[in-house]
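*Asks:* Quick one: the structure is below, questions incoming.
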Ligand code: ATP
């Protein structure tokens, strides 16, 4: 069994070797926290986008799409609060000279305490066997209770210090908890400073007339400033939503963990506009709906959990993350935020234009409240890839690397493999390829032994391998091999389409 670190390294190496993800500008030794998606990567990414867009836009009559520009008027970011408040608290270790996010150091410390609680529960469940009552154990065990108290204490203290903007207290908390730098092993910390995460650039000639712009740190603001354009042209009635997929940029202080934390990344966001006072109902609705979407992928539901925020962003009155069990632990995959009327009200104020909705039901105008669902496409990609990656020992003593990607997200749905390059098999295989490729992404391969070709397809997660052999030429049957079970069935050529379709048509998985 590989430890978590080695497993993650193997996943990164695999992603590169099989054309999923490359470091950006690799020939110049790479650019930190920027990545390129190769031929298999872009297929997987597009399939994830499509799965999200279908479930959000196509399957909701009251959600419409948008593709807004990355460049926006600089006042946007003043109104949204990003110029004044989109900061991360950074802290340096004086011995290792390594830089950290102060809040992440504290959150990682909390995760360690949580892990101790989980271990305690596991130990007890083994000791008591079938009689184990988890609820009772958690509410009565002294050690568990003490640790839970400690977590609440840390959360409250952190939350109070951030709300009051007292960075010295954050540093004191790090010292009090004796949090050490993982590199130097010391707690010799600098003061905590705020660091704005937006990238600045200029539009126009660089002389005096040029204006400073920011690369958008979230796609949401493009939706807010278009609220009235869309509401009017699409004749939408509240409640309704606007969805968008697009790039976002953040000058992250610490960008590690591959595509988990990038400086250029993609978001899939949906802003749902509701009547004031109805936002918590819709917030609960979207929490449930988004979790159901994640579960529809068929990945074990124990890999997901909610994490409700104690420490709310400047615009929110409720917020929760859907966390996924990445190889480096449970981390945020998606955020669901009740953003109140903060953004629309601010844009109304800064632009001087009225942004209101006349509600025929209530007979009055108001600024709608907003519930947002925001998921990182790259993080979603990493969750699918990391969960899919397996290295298996086979009965014959060999081993294989296989990506058990949900079949409907797999880059290639079927590989078409003539057993040999002669006797008319390639021609037959090409004809099958031609009949399938309009509906399914297929790959034709005739090089190397059939075993090697199977291994290559396993490694990129192709759910079906279709082999054309001597018998095909006699009776129009082929063998179809299942990626996960490696079992082969002989079927007639006209049946191929429905077998692939059953596992890869998203209509069978979204509801
Ligand atoms: P984190 O706490 O990890 O920095 P966040 O709370 O700042 O994330 P949001 O502002 O809620 O993130 O953004 C919504 C989603 O965008 C996140 O759930 C995540 O999936 C994605 N995301 C945010 N920052 C990054 C990043 N630097 N790289 C890749 N994806 C990101």
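A short reminder: the numbers here are calculations on the coordinates, not readings from a lab. Keep in mind that what you see is a predicted model, and the values were worked out from it rather than measured. We place every Cβ from the backbone using ideal geometry, glycine too, and count neighbours over all the protein chains shown.
*Asks:* Can you tell me what share of the DSSP beta bridges in segment 396-508 is antiparallel? A percent to the nearest 5 is fine.
*Replies:* Close to 55 percent.
*Asks:* Regarding segment 87-196, what are the three Cα extents along the principal axes, ordered largest first, in Å?
*Replies:* Largest to smallest, the principal-axis extents are 52, 31, 22 Å.
*Asks:* When N is the residue count of segment 354-455, what does its C-alpha Rg come to as a fraction of 2.2 N^0.38 Å?
*Replies:* Taking the Cα Rg and dividing by 2.2 N^0.38 Å, one obtains 1.93.
*Asks:* Taking only DSSP H segments of four or more residues, each worth -39500 (n - 2.57), what value at 222 nm results for the chain once the sum is divided by all its residues, to the nearest 500 deg cm²/dmol?
*Replies:* Taking each H run of at least 4 residues, the total per residue is -12000 deg cm²/dmol.
*Asks:* Can you tell me the relative contact order of the chain? Whole percent, Cα pairs under 8 Å, sequence separation 6 or more.
*Replies:* Computed over the chain, the figure is 14 percent.
*Asks:* From the alpha carbon gyration tensor of segment 1-131, can you work out the equivalent ellipsoid semi-axes (sqrt of 5 times each eigenvalue) and give them in Å, largest to smallest?
*Replies:* Its equivalent ellipsoid spans semi-axes of 34, 26, 24 Å.
*Asks:* Next question. For helix 102-128, what angle does its Cα long axis make with the longest principal axis of the chain, in degrees from 0 to 90 and rounded to 10?
*Replies:* 60
*Asks:* Could I ask something else about it? Cα convex hull of the chain: how many Å³ per residue?
*Replies:* Each residue corresponds to 218 Å³ of Cα convex hull volume.
*Asks:* Show me 336-348, 145-157, 249-261 ranked by packing, highest mean number of other Cβ atoms within 10 Å first.
*Replies:* In descending order of packing, they fall as 336-348, 249-261, 145-157.
*Asks:* Sticking with this one: If we sort 490-498, 476-484, 53-61 on the protection proxy, mean other Cβ atoms within 10 Å, highest first, what's the order?
*Replies:* For the peptides 490-498, 476-484, 53-61, the packing ranking is 476-484, 53-61, 490-498.
*Asks:* Report for the chain the percent antiparallel among DSSP-assigned beta bridges with both residues inside it, nearest 5.
*Replies:* Counting DSSP beta bridges with both partners in the chain, the antiparallel share is about 85 percent.
*Asks:* Could you tell me the extents of segment 396-508's C-alpha atoms along the three principal axes, largest first, rounded to whole Å?
*Replies:* Per principal axis, max minus min of the Cα coordinates gives 38, 35, 20 Å.
*Asks:* Can you tell me the orientation of helix 342-351 relative to the chain, as the angle in degrees between its alpha-carbon axis and the longest Cα principal axis, to the nearest 10?
*Replies:* The angle comes out at about 70 degrees.
*Asks:* Helix 4-17 sits at what angle to the longest principal axis of the chain, using alpha carbons and giving 0 to 90 degrees rounded to 10?
*Replies:* 60
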